[in-house]
Amino acid sequence: MSIELPPSAAPRSVHPVDVLPEQVRNRLLELTRAGTPVSAYVYDGAVAAERARELRTALPEWADVYYAVKANSFPGVVAALAPCVDGFEVASRTELELAVSAKPVAEGAVAPVVAAGPAKSVPVLTALVRAGVEAINAESLLELHRISRIATAEGVRAKVALRVNPATTPVTGSLHMGGVPSQFGVAEPDVPGVLRAALQLPALDLVGFHIHAASNNLDAEAHAAYLRWCVEWSIRTAQENGIDLRHVDIGGGIGVAFEGEKPFDVARFGELAAQVEVPEGVKVVLEPGRFLVTDCGWYAAEVTDVKASYGESFVVLRGGINHFQLPTSWEIVHNVAVLPVESWPEGCPRPAAEDTRVTVVGELCTPEDTLLRDVKVDRVRAGDLVVFPDAGSYGWEFAMHSFLGHPVAQRLLL
């Protein structure tokens, strides 16, 4: 079996320690004094809130920003974002409860929530209907029938947007989710037939469409073209099929830049989005996740050992892909900073690697537990902390918590 490890970081060196904000360094050093090996996420909700305000301010009035809770579901982060976003995108009952709690509404009012997922169960759909969410993104004709049956039993009308897998879209990104065979949404050629059937079902309010065609797009001009395409396609399709269009959800997809990449130009995206003609009464929803929270989090793990093996040096962590799996799943170089910790038991040897390249690995019994390869360090010792910046999205939520049964990483809010 071949194992896909993260790409080599050579010729990069680790980040200087001052890439870590002072309050993050201080909080992590406090943790080392507790006597328990450190493995923790630290989040700064203010960073996420500012990112959301930046995007919301750049967009025209007809656009709403809904945070995709899957990117980081820590309650403190969700609460920090709540005043700065128009709503939330959820994919489970747990996320629904978190969203409704963070942004409560008066009884009988529409909950500022849109719901996604290719395999929504009847219990999930029932919870969404009862919560009165703004739109359930229906993935199939069967799901529309289920929503109709539940809404009829509850004596309400459920707001629904049909998720579409378009044949082609003008979009770039690292993860394409449109124009190819997929479990997501209704293939574009099948849309008219599904809409005809949906209009015959009781207790459904078909408000529009959901299209999510790519992820991690760093090209602001391409993303604005994608937004324009989604709006124009939705207007045309609604007119051709007798739909009262009020809702166009273009998904997320705004990317975050790692080393050597150019960040997404929010101002340029907003400028181009403002040129799109959106009919009165139609809301355009954006569902950013990664973009809002990546730089609000840091994952830190204590170095339990430093080992030399056949001419290579390994930094072994109290953690790994059971806490932070992103580097092995996304094929990225996720660089680190080394935070020195001076406390060490007297008389105990303290192995170190100095002025050399190291590979950073975790505590699991598999060579796949490799987080960073061939990165240059000035010095790293057992007992120091290795800290991954930009760990606020798809970190804790995406990890293999139960594998080997080690304690899960702490999560702390500054």
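Details
- Seen from V361, the other residues with C-beta closer than 14 Å to its C-beta sum to a net charge of -3, counting Lys and Arg as +1 and Asp and Glu as -1.
- One decimal place: the segment V17-R53 gains 10.1 nm when fully extended, by the rule 0.36 nm per residue minus the C-alpha distance.
- Sparse-neighbour loop sites [trypsin sites (Lys or Arg not before Pro); the range 1-58; at most 16 other C-beta within 10 Å; DSSP]: R12, R33
- For S148, S329, S234, the sequence from fewest to most other C-beta atoms within 10 Å is S329, S148, S234.
- Subset of K70/K307; K103/K159; K159/K262 violating a 29 Å alpha-carbon distance limit: K70/K307; K159/K262
- Around the amide H of A257, modelled in the peptide plane, lie the amide H atoms of F264, all under 5 Å away and 5 or more residues distant in sequence or on another chain.
- Cut-off 11 Å, label 7 Å out along Cα→Cβ of R196, residues of the range 203-246 by amide N: none
- Over 29 Å [Cα-Cα, the chain], rounded percent: 49
- Charged neighbours of V38, selected by a Cβ distance under 9 Å, balance to 0 (K, R count +1; D, E count -1).
- DSSP bridge orientation in the chain - percent antiparallel, rounded to nearest 5: 40
- Virtual paramagnetic centre 7 Å along Cα→Cβ of E221, amide N under 18 Å, in the range 243-284: 255, 262-276
- Think of it as helices only: each DSSP H run of n ≥ 4 in the chain is worth -39500 (n - 2.57), and spread over all residues that comes to -8000 deg cm²/dmol at 222 nm.
- Projected label distance in nm at D205 and E154, using a 7 Å step from Cα toward the beta-carbon: 1.2
- Straight-distance candidates among the aspartates and glutamates for linking to K283, with alpha-carbon spacing under 14 Å and chain neighbours fewer than 8 residues away dropped: E61, D64, D86, E134, E232, D244, D249.
- Our estimate of slack between W344 and S329, defined as 0.36 nm per intervening residue step minus the Cα-Cα distance, is 2.0 nm.
- Shown here for the range 178-243: GluC sites (Glu not before Pro) in loop regions (DSSP other than H, G, I, E, B) with at most 13 other Cβ atoms within 10 Å, of which there are none.
- Length gained when the stretch T356-V122 is fully extended (0.36 nm per residue, less Cα-Cα span): 78.7 nm
- E139, E89 arranged by Cβ crowding within 10 Å, fewest neighbours leading: E139, E89
- Taken as entire DSSP H runs, the helices of the chain that both span 15 Å or more between Cα atoms along their own long axis and average -0.5 or more on the Kyte-Doolittle scale are 45-58, 141-154, 220-241.
- In range of the label at L142: residues from the range 183-203 whose backbone nitrogen is under 17 Å from the point 7 Å along Cα→Cβ: 183-187, 194, 198
- Sorted by Cβ density within 10 Å, fewest first, the residues S182, S215: S182, S215
Just so you know, all these numbers are worked out from the coordinates, no wet-lab data involved. Note that the structure is a prediction, hence the values are computed from the model and not measured. Virtual Cβ from ideal backbone geometry, glycine too; neighbours counted across all protein chains shown.
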